[in-house]
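K.L.:
Quick one: structure below, then a few questions.
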Amino acid sequence: MKTKKCVQNALRQDLAVQEVKVMDYIIANSSITSTQLMKLLNIKKRRAQVILGQMVADGLICKKGASRNKSYVLME
């Protein structure tokens, strides 16, 4: 059980580092798409979607648009 907690903590710390990169990118460029995030972090599409979804759930960013025109901006 302790190992599971350690893995969860490591994943959360990794997410925090990635969240900072996302926030910096949005500040510099006003928004980000999942494709831009994939290139920024050199990750796969599903991982980009998870990061962005978690950031939306945490209230850090919000979605603009729908489907292929979806982008993410800082929460106002």
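Every read-out reported here was derived from the displayed coordinates using simple, explicitly stated rules and does not represent laboratory data. Everything quoted here is computed from the prediction, not taken from an experiment. Neighbour counts are summed over all protein chains in view; Cβ atoms, including those assigned to glycine, are modelled from backbone coordinates with ideal geometry.
K.L.:
For ASN29 and LEU15 in one chain, what is 0.36 nm times their gap in residues minus the Cα-Cα distance, to one decimal in nm? Don't skip to the answer; put the middle values down first.
P.N.:
Details: separation 14, 0.36 × 14 = 5.04 nm, distance 2.05 nm.
Full extension from ASN29 to LEU15 adds 3.0 nm.
K.L.:
How big is Rg to Rh over segment 10-76, alpha-carbon atoms, Rh as the Kirkwood inverse-mean-distance radius? Each step should come with its number before you reach the end.
P.N.:
Working: Rg = 10.8 Å, Rh = 11.7 Å.
My calculation puts Rg/Rh at 0.92.
K.L.:
Hey, another quick one. Sort the following peptides by mean Cβ neighbour count (other Cβ atoms within 10 Å, averaged over residues), highest first: 59-68, 32-41, 19-28.
P.N.:
Details: 59-68: 11.2, 32-41: 16.4, 19-28: 14.3.
So the order, starting with the most tightly packed, is 32-41, 19-28, 59-68.
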